[in-house]
1. Could you give the length gained by full extension between Val84 and Ala46, i.e. 0.36 nm per residue of separation minus their alpha carbon distance, to one decimal place?
2. Test of understanding: what is the full-extension gain from Arg29 to Leu98, defined as 0.36 nm times their sequence separation minus their Cα-Cα distance?
Amino acid sequence: MTPTPPDDDEPEYTQPGLAKERTDMAWTRTAISFAATGAAILKNHAVAGAIVLALGVATWWIRRLFVAPGGEQSRERRLLLVTVAVTAVGLVALVVALTARSKGLR
């Protein structure tokens with residue numbers, strides 16, 4: 001099976017120089033989303049809200065930690081970033097689930 005050629009209308013192929021900026025904006029949007037969701041949850045469930053709020057800060061911090069000062073990222077650093085991010089989200093989800101279950105929240 002041969003791969004299909006890329007669609008020329010896709011932004012990744014029309015402006016490849018903006019890929020870094022799009023990635024940075026995606027990480028920032030994700031961090032803001034976690035922070036806003038955590039703030040909303042914080043009103044009703046303090047522990048779960050604080051955890052989700054902290055996840056927003058951690059998301060922003062992890063992205064800044066793994067990007068080299070010049071903006072370039074090696075393949076190994078990207079893989080480490082993805083591994084750390086997925087592990088952190090999994091651990092936070094586990095803690096939130098166990099906390100909610102122990103407090104009888106559903």
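1. 11.1 nm
2. Contour length minus Cα-Cα distance gives 22.1 nm.
Quick note: the coordinates plus some simple rules give every number you see, no bench work behind them. For clarity, every value in this text was computed on a predicted model and none was experimentally measured.
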